[in-house]
Amino acid sequence: MVESLYYSVFHPIALPSVFLICDVIDLGGEEGEELWDSGKNASNQVATFQQPKLYPKNIKPDVYSLHIVSNIRYRYATTVVTSRVANRANTSKEIFFTVVLPKTAFISGFLMEIDGNVYRAHVKEKKEAKKKYDAAVSSGQTAAHVIQSTRNSNRFTVSVNIEREKKVTFNLTYEELLRRELSVYNHAININPGQIVPDLSVEVYINESSKITTLKVPALKESNEINQENAAQGNPLANIERPSDTSAIIRWAPTPEEQKQLNSEGVKGQLVVRYDVDRESHPQQILVNEGYFVHFFAPTNLSTLNKHVTFVLDVSASMLGTKIEQLRVAMTTILSDLRPGDFFSIIIFSTYVEVWNPEHNRRQEIDHYYYRGNKGRITQQESLRSSVVPVTPDNIRIAKEFVGRLQVGSKMQGRKRVSTVLEVALEESTPVTYLYVGAAIFCLAFGDDANLDFLKKLSLSNSGYARKIYEASDAALQLHDFYRQVASPLLTDVSFNYTESQVEEGTVSKTHFNTLFLGSEFVVAGKLKSTELTGGLTARYPNGTTSIPFGPDIIVICPPFPPTVEPTEEHNVTNASFMERLWAYLTIQQLLEKDEVKSPPKVNTTSPNKKRALELALKYSFVTPLTSLVVVKPNETTSVDTEKGE
């Protein structure tokens, strides 16, 4: 793991991190050099439902019922979308079913019912699914249509030909582990039937092991853009029931007239449920159910660590137009959020790499020093040393003035690629810091042309993660919201250690984490050998190392729930408990991330991580980047494949 030059050399009391904000179209490798594979295997799985725009108004299929039911059990959500559609025309018509789902969700079931006959989809390995798909195409059969448009989501679309005056029922199930960000879990449900629906309803059932302390249903989100005023408003059509302190039921069922008031062409938006549980009484819990466990850790009584943030900003020609202005606005706000005790530095790049010199409030070119031997490297370190400053009112004011004058330069050329830029921000040697961790790299990809796959791999390799910033009027808010999620580190170098004799070898998910941020949560899952589970957690903080033991006092035995997914002949394990499915979901996600970091440029489809992820995906019927959904329809078979989302 590389170390932060600034942190490890100059400020041994601050946690290092690097923020890379860019619009990388051409990554600028040497001619003929191939960077990472950014193909579709790296994308998330997709599924969706929408009405095509080609229907004449007089024969448009009638969506007469749309029911969406979500069961959230200890942060693991299973959502079932059921749509009933009638062909009122006097000729047969192709009817489309589309559902927009979160990017991190896995589809786990799909079926259609036509004339009393049920057509169930099956999850297959991609190559096997492709063979079935090619056979269908060669015989003149229709393929499914997969598209993507909603932020941070995927879309699944399938079509079927329905005879005149007939009806079809579509049923899709998808699952996800809710992620805690900014002290709440967000469960988002996308609704877009394309028309007024006589029978429209959404029901969300929440069951938790601790008291639900926060529960909000904001106004329907009718735009992709961040609307802080809208988010603060309640949803007048949402009915909230609290059967107990640890459970809640949310019902949203607008009448046709209420739907028209929202949108004359039918509801088009996102219903969001936000909640959190009691952290004061239960900063950590181990939930046990039918031989599996999940460990949630989110303490509240910790002080925020000081940090050193290196901002690496793209000012190349790809940031021309509104992007550079939005970057200036966002950086001005972010600089205001830095706290006394923090340190920061600013690096910008276009054709050359330059570092901000606060003493003269100007840019100092350092890229030409970089490949000139030891003497040049000393000069570079001196330049970087002068750029690191503590957070003071004067330094923040000077930095804002500098950021406010940023102008777009030339496109990156030759070796002026992102990997070279980051070598300036990260020291290649391994000096030891008091925290013994490297700088986390968080990448923000600006716009549709940015190579998100490359930036994602870069971040995952350095204990961070990447996000896409959508080109819209709220881009500055998107940048600021992302920064808020990682602005307050609490612990670093965190390891969970469980008694080996009590857990099955090779079944425990990721147990070491770089940094715990305020408002987030660590989750570990595994399979038990016995009914007991003991161990401890170790972490580093400014005053040294802390150790937190855990044992029977934090273990909660969860009651069994009815299966959330109907078992099939092929995979009876879909009848598994929600805890087992949570474990499988988390394990697959982490195996795919690990493989993405370790894979060479030519993706190795036979890597151990991919093999294991594929086995689990097939066993638990999850549609993942390694599997496809094979849809059996009357007289044809369709493979619904994955495509990259926005």
Residues in the range 161-175 that are in a loop (DSSP other than H, G, I, E, B) and basic (Lys, Arg): how many?
2
Residue under question is ARG84, and the condition is that it be in contact (Cβ under 8 Å) with a residue 60 or more places away in the chain, in a strand (DSSP E or B) and either among the charged types (D, E, K, R) or farther than 29 Å from GLN270 by Cα (or both); does it hold?
yes
Could you tell me whether any residue of the range 592-602 is at pLDDT below 85, closer than 18 Å to PHE110 by Cβ, surrounded by 20 or more Cβ atoms within 10 Å (Cβ to Cβ) and not assigned by TED's automatic domain parsing to the domain that holds TYR205?
no
Kindly establish whether ASN161 is at pLDDT below 90, of a type outside the set (Gly, Ala, Ser), surrounded by fewer than 22 Cβ atoms within 10 Å (Cβ to Cβ) and more than 24 Å from ALA238 (Cβ to Cβ).
yes
Sole miss for VAL524 among (1) farther than 18 Å from GLN284 by Cβ; (2) of a type in the set (Val, Ile, Thr); (3) part of a strand (DSSP E or B) is condition (1)
Could you run through the range 460-492 and say how many residues are free of Cβ contacts under 8 Å to residues at least 24 places away in the same chain and crowded, with 22+ Cβ neighbours inside 10 Å?
0
Criterion first (modelled with pLDDT under 85 and buried (at least 18 other Cβ atoms within 10 Å of the Cβ)) does SER577 satisfy it?
no
Scanning the range 517-532 for residues that are closer than 30 Å to VAL18 by Cα and in contact (Cβ under 8 Å) with a residue 40 or more places away in the chain gives LEU518, GLY519, SER520, GLU521, PHE522, VAL523, VAL524, ALA525
Check whether at least one residue in the range 86-106 is farther than 20 Å from LYS167 by Cβ, in contact with a helix residue (DSSP H, G or I) (Cβ under 7 Å, 6 or more places away or on another chain) and crowded, with 24+ Cβ neighbours inside 10 Å, and report yes or no.
yes
Any idea which of ARG73, ARG84 is charged (D, E, K, R) and either more than 27 Å from ILE196 (Cβ to Cβ) or modelled with pLDDT under 85 (or both)?
ARG73
Which of the residues that make up the range 537-556 are without any contact (Cβ under 8 Å) to a residue 24 or more places away in the chain, among the polar types (S, T, N, Q) and in contact with a strand residue (DSSP E or B) (Cβ under 9 Å, 6 or more places away or on another chain)?
THR545, SER547
Residues in the range 440-448: is at least one modelled with pLDDT under 80, out of contact with any strand residue (DSSP E or B) (no Cβ under 7 Å at 6 or more places or on another chain) and on the phi < 0 side of the Ramachandran plot?
yes
From the option list ASP134, ASP115, single residue qualifying as modelled with pLDDT of 85 or more, more than 25 Å from the chain's Cα centre (by Cα) and surrounded by fewer than 20 Cβ atoms within 10 Å (Cβ to Cβ) is ASP115
Selection count, the range 236-285, where residues are in contact with a Phe, Trp or Tyr (Cβ under 7 Å, 6 or more places away or on another chain) and within 24 Å of GLY194 (Cα to Cα):
3
All but one of (1) part of a loop (DSSP other than H, G, I, E, B); (2) within 18 Å of ASN71 (Cβ to Cβ); (3) without any contact (Cβ under 8 Å) to a residue 24 or more places away in the chain hold for PRO236, so report the exception by its number.
(2)
Please go through the range 242-300 and give me each residue that is of a type in the set (D, E, K, R) and over 28 Å from the mean Cα position of the chain (by Cα), ordered by number.
ARG242, ASP245, GLU257, GLU258, LYS260, GLU265, GLU290
Considering only strands (runs of 3 or more DSSP E) fully contained in the range 283-327, which possess at least 1 residues that are of a type in the set (S, T, N, Q) and within 21 Å of ALA399 (Cβ to Cβ)?
307-314
Going by what's in this entry, would GLU225 be described as modelled with pLDDT under 95 and not in a loop (DSSP other than H, G, I, E, B)?
no
Buried (at least 20 other Cβ atoms within 10 Å of the Cβ), in a loop (DSSP other than H, G, I, E, B) and at pLDDT 90 or above - does that describe any residue in the range 349-368?
no
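The values are calculated or read from the model by the stated rules, or taken from the named source; none is laboratory data. These numbers come from a predicted model, not from an experiment. When we count neighbours, we look across all protein chains shown, and the Cβ atoms used for this are built from the backbone with ideal geometry, even at glycine.
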